[in-house]
Amino acid sequence: MRNRQARTAYLLIAPALLLFIGFTAYPFIWSAQISLTSWDGLNAVKKFVGFQNYINLFGDAEFRKSLSVTTIYTVSVTLISTILGFLIALMLQRRGKSSVIYRTIFFSPVVTATVAAAVVWQLLFDPYVGVIDLGLKALHLPGPNWLSDTHWALPAVIIVGIWKRLGFAVIVYAAGLSSLPTSCYEAADLDGVSGWQKVRYMTIPLMRPVTTLVLITGFIDAIQVFDHIFILTSGGPMGSTNVMSLLLFNQGFKLFRLGYASAIGWTLFMIILALTMLQWQIRRRHE
Amino acid sequence: MMRKFKKISLGLADHLVLIAISSIVILPFVWMITTSLKPPKLAFAAPYLIPTHFHWQNFVNAWHEAPFSRYYLNSIIVAVLVTFGQVFTSALAAYAFDRFEFPLKKTLWFTLLASMMVPLPLLVIPSFQIIQHLHWADNLVALIIPRCWSAFGILLLRQFIHSIPRDFDDAAKMDGASTLRVIWTVILPLARPAVATLALFAFLFAWNDFLWPLIVLNSPEHFTVPLGIANFSGKYGTRWTLLMAATVSATIPAVIAFLAMQKSLIRGLASGGVNE
Amino acid sequence: MKLTHRRLASILSLAVFATVSLGTGSAIAASKAVKPVTIQFWNYWDGGNGQALSKLVTEFNKKNPGIIVKPVTFPWGDLLPKLQSAIASGSTPALAATDIAWMANMNQSGKLVDLGAALGGIKKATGDIYPSLLTYGLYKGKLQSLPASTNNLSLFYNKDLFRKAGLNPNKPPKTWAEMRADAMAISKLGNGTQGMEIYVQPGEGLTWQFQPYLWQSGAGFLNKTNTAPTFNSAAGKTALQFLVDLINVDHAATAGQWGAFDKGQAGMRIDGSWMVGGYRDNAPFEFGTAMLPIPDGGVHATNMGGEQIMAFKGTTATQAAAVTFIQWFTSAPIQARWDVATNFMPISDSVANSNVLLKHIAEEPALKAFIDQQKYAYARPAIAAYPAVSDAFSKALEPAFYGTVSVSDALANADAAVRKALSTN
């Protein structure tokens, strides 16, 4: 019986497992091998250098900077788009016809190709002809030179990240809210509970599974961010938007240091893995 | 009672906030359309948001240089097949992980989850070497098959399937249904919100993907939408009005498609109750 | 529920069918392509350059019925990763044209066809192509690529802004001092108008734009053997100080994104001859060109850019087809027409002196500065470590432009970083 169960289970897992082994695990292990070489991606010979790439990584200020930029980007985009998405979904609740229009507007960025969106944002942020700064000037506010300012470039790419991500959170929350049982709310109304209290003590707890979902998907998306920053700033100015994927891409494909790039990727993987395990441990202790 | 509830959730203030946020969200689209209709010399001249010129030639030129209908077809083929592939493999694996005990289960589960944290650019070159061995280079298959599984999908569906009582499976099995049949006829319909979420996530990922198609595809007739757009900005100067005409061509149909489908999408995401 | 099942099944079978048919589709295409030989030509020539190329290629295909060349254009930044993955997995195209700055690395791949052997000796293959352009194609005594185009950097200036600032629009600056004075006059127009646009984004762009200043001042970039930097000198400091002062002292330039000149928001910029056609058609202002201004006691110098064309090893048939195309494309009559269409510079005297090109230059006076400048074009070091060197150099200089690091510290940092890049790459 047990044997048969195992066989069925393996058959069911097989499609996903085979694809995982063939197209993720195998290339991943292969990249570990590359990380121990000084290969440029072109040369017929891959020179073995041991752990030299990893040792170099420790003294690399660019890598450390990139780590903190990635953290700030991931946390801000994930958190802000989740909170904003929840609030918007809440406002859109039971709003009939007009909610269709709002939802479409919020979702449009999600279906727009990132490459296309980034090109447009690049000009919206322009200090001369950019609509954002022209608007700020009209309000007599100083318009920063967004993408060229070491302080403003990261906020700018975060804004685009949120813009691109918000619609997904809105839709998933809207769906979640629409399936909440109305009976509890009616009972609460009878007891004279205020609107805010209902949100605080009923909606938010009831929405917890949805929130987890939005946060996880947001995290997966944000930590891998590449396309729009590549176009908007290429990681600059002075590395202020140089997220990990970009650093990895530039080292591997622009500077011909594929070995080093692979070492960056592996180190990043180890760090995320360690943090995730730590978080699981903490959660388990709490429960 | 319902009336009172409505009163609280509706309000002028809400509307104002929504309009404010919407206008920021919609800004790039307005700018995109206006610029796509300007003659090239006026690309950087005001007005920026209200079209006053209607230089349709940009669209003629953009379409002449890039066959967008072809790109659309390719993008749709890839995104749809990847979506179905992910739902299919994830549903089977998620069911197995939730309902069965088998050797190495914990190790496998942990390995799959850990794979979510692999930085994708790291895999580009080794993956492409594999694609090459399979003779899939410059073929849409290379965009589809490797993407037909998802650790996130398995995680999501397993969580949801866990909340479906085993009695449902057992009842179907009593009627002589096979495991596959139980998954198709009992589990998947009950797990519709999770399936819809996964489908949306998978579709969008495939739709937006840039780096991998770039590496894999060589022939313009196989290009997807993002690749088609990228070709309008180059080393020797960017032609902004053409680029915007291309961008508008690549965006509007997707927005209209969402407008048409959003009701069923929301219903799909919602039904069954996310909050078990 | 039954319905769901059936629908799912039919969708799945459709998916399988589609996948299988996609797979076999390419197999059929491959088996048909026995005759004539179809080869791909990867490049990054987009827009007008791309159209010019496809015109020429169509002509070639008509003349050579046994060969079909298919040009495929990728964005500049994306062609390199494409080539890297293609070389790593053995799926190279038959032909490619790439940036000369990548050639040292391409040469080591072992995948390039020996053009000297294929074309009856290096001498015969190269003809009267300028020797300075051949350095990129020669590797271990073999000729692995030929110049497909060359170009250089000269000065562009906005005549409208010159007029507005009370300057003579027909008298562009000739020296650094004049350039500085003009830039300051234009920046006084206000509204964020820059006198001079300076490239400060790290990467090869910054290095390639800054090197002319180093060569003009006599500082140089690397030594003759390409083993050590030479820019960390008094002359190098003068060069960097000049630009840094334009930004931080004179406020005649801004450290920011590239593109102000295109929008009519900057008086001057250094750029390549390929911009001439685009500005003539699309710029919202009248522009002029001039040779690069030089410092007191300095020399004329500019940076050389361009592309090399190469054939990749494949079957005898694809290699032969690729070599035939290269020979045709680098021949003087075709190059002359290519330069007319793209405003690139001639690769040899026979191209430069052809009637087609001479007539074009007469009609396009803005090109004259570039033609005059070309003989002062310096080649960037053709070494495999160059991309890493350039990256390290530009990253060390970037903070100087933003005024957060002093000029001498920036150059000292650059010196150390470049030495490290030279020793580890």
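The conditions are (1) more than 13 Å from chain C (Cβ to nearest Cβ); (2) on the phi < 0 side of the Ramachandran plot; (3) free of Cβ contacts under 8 Å to residues at least 24 places away in the same chain, and residue A:140 fails exactly one of them. Which is it? With respect to (1) more than 13 Å from chain C (Cβ to nearest Cβ); (2) on the phi < 0 side of the Ramachandran plot; (3) free of Cβ contacts under 8 Å to residues at least 24 places away in the same chain, residue A:140 is out only on (2). Residue count for the stretch B:146-164 satisfying the condition of being within 8 Å of chain A (Cβ to nearest Cβ) and among the β-branched types (Val, Ile, Thr): 1.
Every residue, every condition in (1) assigned to a helix (DSSP H, G or I); (2) modelled with pLDDT of 90 or more; (3) surrounded by fewer than 23 Cβ atoms within 10 Å (Cβ to Cβ), yes or no:
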site: B:124; (1), (2), (3): yes, no, no
site: B:128; (1), (2), (3): yes, no, no
site: B:137; (1), (2), (3): no, no, yes
site: B:143; (1), (2), (3): yes, yes, no
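Filter the stretch C:270-295 down to the residues that are at pLDDT below 95, assigned to a loop (DSSP other than H, G, I, E, B) and within 27 Å of residue C:132 (Cβ to Cβ), then identify the one that is farthest from the other protein chains (Cβ to nearest Cβ). Filtering the stretch C:270-295 for residues that are at pLDDT below 95, assigned to a loop (DSSP other than H, G, I, E, B) and within 27 Å of residue C:132 (Cβ to Cβ), the one farthest from the other protein chains (Cβ to nearest Cβ) comes out as C:273. Close Cβ contacts (under 9 Å, 6 or more residues apart or on different chains) running from residues in the stretch C:163-182 that are polar (S, T, N, Q) to residues that are surrounded by 13 or more Cβ atoms within 10 Å (Cβ to Cβ) comprise C:168/C:162; C:170/C:159; C:170/C:162; C:170/C:288; C:175/C:293; C:175/C:294; C:175/C:295; C:175/C:298. Only one of the numbered conditions (1) surrounded by fewer than 19 Cβ atoms within 10 Å (Cβ to Cβ); (2) modelled with pLDDT of 90 or more; (3) not hydrophobic (A, V, I, L, M, F, W, C) is violated by residue A:144, and that is (2).
All but one of (1) of a type in the set (A, V, I, L, M); (2) surrounded by 22 or more Cβ atoms within 10 Å (Cβ to Cβ); (3) within 7 Å of chain A (Cβ to nearest Cβ) hold for residue B:116; which doesn't? For residue B:116, the failing item is (2).
Residue check: is residue B:196 among the small types (Gly, Ala, Ser), outside the structural domain of residue B:40 (by TED's automatic domain parsing) and in contact with a Phe, Trp or Tyr (Cβ under 8 Å, 6 or more places away or on another chain)? No. From the list A:68, A:76, A:108, the lone residue that is of a type in the set (S, T, N, Q), under 30 Å from residue A:168 (Cβ atoms) and surrounded by 20 or more Cβ atoms within 10 Å (Cβ to Cβ) is A:108. For residue C:78, state whether it is among the acidic types (Asp, Glu) and either crowded, with 22+ Cβ neighbours inside 10 Å or within 14 Å of chain B (Cβ to nearest Cβ) (or both). Yes: the conditions hold for residue C:78.
Residue check: is residue A:42 more than 28 Å from the chain's Cα centre (by Cα), within 26 Å of residue B:84 (Cα to Cα) and not assigned by TED's automatic domain parsing to the domain that holds residue A:227? So residue A:42 does not fit the description; no.
The helices (runs of 4 or more DSSP H) found entirely in the stretch A:112-194 that carry 1 or more residues being farther than 29 Å from residue A:67 by Cα are A:131-138, A:153-178, A:182-190. Scanning the stretch A:37-80 for residues that are part of a loop (DSSP other than H, G, I, E, B) and either of a type in the set (Lys, Arg) or at pLDDT 95 or above (or both) returns A:46, A:47. Could you go through the stretch C:356-369 and let me know if any residue there is under 30 Å from residue C:251 (Cα atoms) and assigned by TED's automatic domain parsing to the domain that holds residue C:147. Yes: the stretch C:356-369 contains one or more residues that are under 30 Å from residue C:251 (Cα atoms) and assigned by TED's automatic domain parsing to the domain that holds residue C:147. Criterion first (more than 13 Å from residue A:268 (Cβ to Cβ) and either not assigned by TED's automatic domain parsing to the domain that holds residue A:151 or not aliphatic (A, V, I, L, M) (or both)) does residue A:75 satisfy it? So residue A:75 fails the test.
Could you say whether any residue in the stretch B:68-84 is in contact (Cβ under 8 Å) with a residue 60 or more places away in the chain and more than 21 Å from the chain's Cα centre (by Cα)? No - not one qualifying residue is present in the stretch B:68-84. Restricting attention to the stretch A:269-287, and to residues there that are of a type in the set (A, V, I, L, M) and free of Cβ contacts under 8 Å to residues at least 60 places away in the same chain, which single residue is surrounded by the most Cβ atoms within 10 Å (Cβ to Cβ)? So, considering only residues that are of a type in the set (A, V, I, L, M) and free of Cβ contacts under 8 Å to residues at least 60 places away in the same chain, the one surrounded by the most Cβ atoms within 10 Å (Cβ to Cβ) is A:272.
Within the stretch A:29-51, being more than 24 Å from residue C:102 (Cα to Cα) and without any contact (Cβ under 8 Å) to a residue 24 or more places away in the chain holds for A:29, A:30, A:33, A:50, A:51. When residue C:24 is tested against (1) in a helix (DSSP H, G or I); (2) at pLDDT 85 or above; (3) over 30 Å from residue C:132 (Cβ atoms), only condition (2) is not met.
Criterion applied to C:261, C:231, C:242 was being closer than 26 Å to residue C:410 by Cα, assigned to a loop (DSSP other than H, G, I, E, B) and not basic (Lys, Arg), and the one residue passing it is C:231.
Of the helices (runs of 4 or more DSSP H) contained entirely in the stretch C:308-425, those carrying at least 1 residues that are buried (at least 24 other Cβ atoms within 10 Å of the Cβ) and within 14 Å of chain A (Cβ to nearest Cβ) fall at C:386-401, C:407-424. Checking every residue in the stretch C:149-168 against the condition of being surrounded by fewer than 24 Cβ atoms within 10 Å (Cβ to Cβ) and either at the interface with another protein chain (Cβ under 9 Å from one of its Cβ atoms) or touching a Cys at 6+ places or on another chain (Cβ under 7 Å) (or both) gives zero matches. Identify the single condition in (1) modelled with pLDDT of 85 or more; (2) closer than 22 Å to residue A:34 by Cβ that residue A:255 does not satisfy, given that it satisfies every other one. Condition not satisfied by residue A:255: (1). In the stretch B:214-227, the residues that are at negative phi and modelled with pLDDT of 90 or more reach residues that are in a helix (DSSP H, G or I) and surrounded by fewer than 23 Cβ atoms within 10 Å (Cβ to Cβ) with C-beta atoms within less than 6 angstrom, at least six apart or across chains, in these pairs: B:224/B:74; B:224/B:213.
The values are calculated or read from the model by the stated rules, or taken from the named source; none is laboratory data. Owing to the predicted nature of the structure, the values given are computational and were not obtained by experimental measurement. Please note: Cβ atoms are built from the backbone with ideal geometry, for glycine as well, and neighbour counts cover all protein chains shown.
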